[in-house]
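Below is one structure, written out as structure tokens, with a few remarks after it.
Computed from the coordinates by the stated procedures, all read-outs in this text should not be read as laboratory data. These figures come from a predicted structure and were not determined experimentally. Every residue, glycine as well, gets a Cβ built from its backbone with ideal geometry; the counts of neighbours run over all protein chains shown.
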Amino acid sequence: MLLRDVETYECWKESPPFQPYVTKYIDSYQETQISWNPYCIKKDALFYEFKTGIEAEDIELISDACLNVLFQLDQSDACAWFSGTYLQPRTLGLKPNTTYFGFKPYSNLGIRSSKVELRDMVDSYVDFSLVFPDVNQLISDMSEAASFNDRTCIFKRYTWDHLVDHGYTPSFVDYLTIILCTSHGSFVLNNMDQMIGYSERYCRKKFKDSYGLSPKQYSDIIRFQTTLKALFSDRYNDLSSLGSDCGYYDQSHLIRNFRQYTNETPGKFLEKYIQC
């Protein structure tokens with residue numbers, strides 16, 4: 001059963017986390033999905049970059065179940081932040097005429113840090129240099145790089161030296177994460193004992209020890225992200241079919257979940273971004 005789920009995941013080719021404001025409304029946005037940690041089942045990460053315009057602005061970031069590293073590559077004020085998964089929308093203030101480079105690993109697993117427990121990073125962020133070594137030199141190299149491809153190569157080398165846990169081997173939490181992802185948030189945890197031999201209570205505890213989230217919270221975010229991508233794909237004319245296809249009990253369930261992660265109904269959220 002577990003091998004089949006891994007094969008399903010490999011065929012599925014997880015689509016990148018979706019941040020509508022960043023990807024649709026900031027000039028020069030580009031991204032690439034790269035396998036960065038060969039020891040994990042969810043070994044991919046999103047590398048992305050954008051440049052702001054002549055005026056400073058705020059953008060809204062929403063839940064996507066990922067850690068995030070964001071570099072502000074301003075020659076006079078270069079810095080980097082490391083943030084955990086957000087359960088509430090977060091407003092990020094950007095500087096004008098500035099290049100931003102980001103990294104989103106698709107799993108908390110297989111990452112080493114002696115300075116912070118990744119499970120404690122939910123709804124919080126810190127200076128990247130407080131979590132990992134040699135960051136000042138990294139920021140300098142990233143700032144001086146000539147292109148997105150160059151910065152991606154520099155940071156991937158850095159992850160190999162400082163982020164990848166080379167002694168990591170996949171645990172059942174990896175497999176549980178795969179099951180939650182490939183079910184798009186509709187998986188019910190109470191049959192886990194039949195699938196992987198551990199009780200529901202034990203699965204909840206070990207998952208939260210790794211992610212700082214319960215399996216249900218993680219699953220809800222995956223379903224929300226699936227719904228968000230579908231909403232912006234122009235395939236749906238009404239919320240009832242959208243909710244049904246994305247695994248919600250009814251339209252009110254969809255709206256309640258959407259408000260939790262955006263503070264808006266799906267219709268208001270889409271309307272707001274179309275008008276931006």
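Structural remarks
- Per the Debye formula on identical point scatterers at the alpha carbon atoms of the chain, with no solvent, log10 I(q)/I(0) at q = 0.10, 0.16 Å⁻¹ is -0.53, -1.36.
- Our coupling estimate for the range 40-57, obtained by passing each phi through the Karplus curve with A = 6.51, B = -1.76, C = 1.60 and θ = phi - 60°, is 9, 6, 7, 8, 8, 8, 9, 9, 9, 7, 8, 10, 7, x, 7, 10, 5, 8 Hz, Gly and Pro reported as x.
- Leading residue at positive end of dipole, the range 17-162 (Cβ point charges), from W160, F101, F50: W160
- Remark: the chain carries a charge dipole of roughly 700 debye about the Cα centre, counting +1 on each Lys and Arg Cβ and -1 on each Asp and Glu Cβ.
- Ellipticity estimate at 222 nm from DSSP helix runs (n ≥ 4, -39,500 (n - 2.57)) divided over the chain, nearest 500: -12500 deg cm²/dmol
- Cα centre as origin, Lys/Arg/Asp/Glu Cβ charges: the range 97-249 dipole, Debye: 340
- Between R256 and W160, the FRET efficiency from the beta-carbon distance, with R0 = 51 Å, is close to 0.75.
- Sorting 171-181, 79-89 by their mean Cβ neighbour count within 10 Å, with the most densely packed peptide first, gives 171-181, 79-89.
- Selection from I222, F18, S199 lying farthest towards where the dipole of the chain points positive, charges on Cβ: S199
- The convex hull built on the alpha-carbon positions of the range 96-245 has an orientation-averaged projected area of 12.3 nm².
- Spacing of the modelled spin labels on Y29 and S199, each 7 Å from Cα toward Cβ, amounts to 4.5 nm.
- Taking a straight line from the alpha carbon of K95, these lysines sit under 29 Å away, with near neighbours fewer than eight places off in the same chain left out: K24, K51, K104, K115, K156, K229, K268, K272.
- Three-way shape call for the range 17-162 based on the alpha-carbon gyration tensor, with the a/c threshold at 1.5: rounded
- Trypsin sites (Lys or Arg not before Pro), loop per DSSP, at most 11 other Cβ atoms within 10 Å - longest free stretch of the chain: 116-234
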